[in-house]
1. For region 118-133, what are the residues that are surrounded by 15 or more Cβ atoms within 10 Å (Cβ to Cβ) and either of a type outside the set (Val, Ile, Thr) or not assigned by TED's automatic domain parsing to the domain that holds Asp62 (or both)?
2. Can you say whether Gln146 is closer than 21 Å to Thr44 by Cα and either in the same structural domain as Ala46 (by TED's automatic domain parsing) or surrounded by fewer than 14 Cβ atoms within 10 Å (Cβ to Cβ) (or both), as far as the supplied structure shows?
3. Does Ser41 satisfy the criteria of being in a strand (DSSP E or B), modelled with pLDDT of 95 or more and either surrounded by fewer than 13 Cβ atoms within 10 Å (Cβ to Cβ) or not assigned by TED's automatic domain parsing to the domain that holds Pro136 (or both)?
4. Of all residues in region 76-117, which are surrounded by 15 or more Cβ atoms within 10 Å (Cβ to Cβ) and over 18 Å from the mean Cα position of the chain (by Cα)?
5. Collect the residues in region 93-146 that are among the small types (Gly, Ala, Ser) and more than 14 Å from Ala55 (Cβ to Cβ), keeping them in residue-number order.
6. Inside region 48-71, can you point out the residues that are assigned to a strand (DSSP E or B), among the small types (Gly, Ala, Ser) and at pLDDT below 95?
7. Which of the residues that make up region 73-128 are among the aromatic types (Phe, Trp, Tyr) and under 17 Å from Asp57 (Cβ atoms)?
8. Strands (runs of 3 or more DSSP E) wholly in region 101-145 with at least 3 residues that are among the hydroxyl-bearing types (Ser, Thr, Tyr) and either free of Cβ contacts under 8 Å to residues at least 40 places away in the same chain or out of contact with any Lys or Arg (no Cβ under 7 Å at 6 or more places or on another chain) (or both) - which ones?
Amino acid sequence: MDYLSHFLSHAFRSPLSASSTFAALLAITPVVGYATLLDVSIDTTAYNGTSGFLAFDFLDGDELANNSVTVSDFYTDGTLGSAAPSGSVSGSVFSPDALTLSDAEFYNSLSQQIRFGTWISFTLDLTQQGLGSPVPDSLLFLLARQ
């Protein structure tokens, strides 16, 4: 029997000890944050063959809860050019690397030059700390032609 099983088997023998143990476990349990995974696929046929840029902009809304956005599995049949990061940005959209934007600063962005093909796909991993904040963090994904 492992330590936790042994502890729980003794702690929950009476209703009083069970409720006090449960309260103690709640008191020492860290606050749980949430994460959301989104698979994104975009049809860029209307932009096919034109030059432009794509941008991921992440704004810190509350300055308290620490959140991040990770962009992974980025693929396109277009051609990527140079990138211009701003703020708290690490990595790149080039697979297998992942791009991470955190809210360490108010404005965090990656602008990536692209010659558009017919599709773009990627996965977003969004943390969600401080869900009750009156001013939430914001993520904007932008496609634009030059």
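1. Within region 118-133, Trp119, Phe122, Leu124, Asp125, Leu126, Gln129, Gly130 qualify.
2. In short, yes.
3. So Ser41 passes the test.
4. Scanning region 76-117 gives Thr76, Gly78, Leu80, Ala83, Gln112, Gln113, Ile114, Arg115, Phe116, Gly117.
5. Matches in region 93-146: Ser95, Ala98, Ser102, Ala104, Gly117, Ser121, Gly130, Gly132, Ser133.
6. If the condition is that a residue be assigned to a strand (DSSP E or B), among the small types (Gly, Ala, Ser) and at pLDDT below 95, then Ser68 is the only one that fits.
7. Result: Phe74, Phe106, Tyr107, Phe122.
8. Ranges flagged: 107-115, 119-128.
The values are calculated or read from the model by the stated rules, or taken from the named source; none is laboratory data. Worth saying up front: this structure is predicted, and the values here are computed from it rather than measured. Ideal geometry is used to build each Cβ from the backbone, glycine not excepted, and the neighbour counts take in all protein chains shown.
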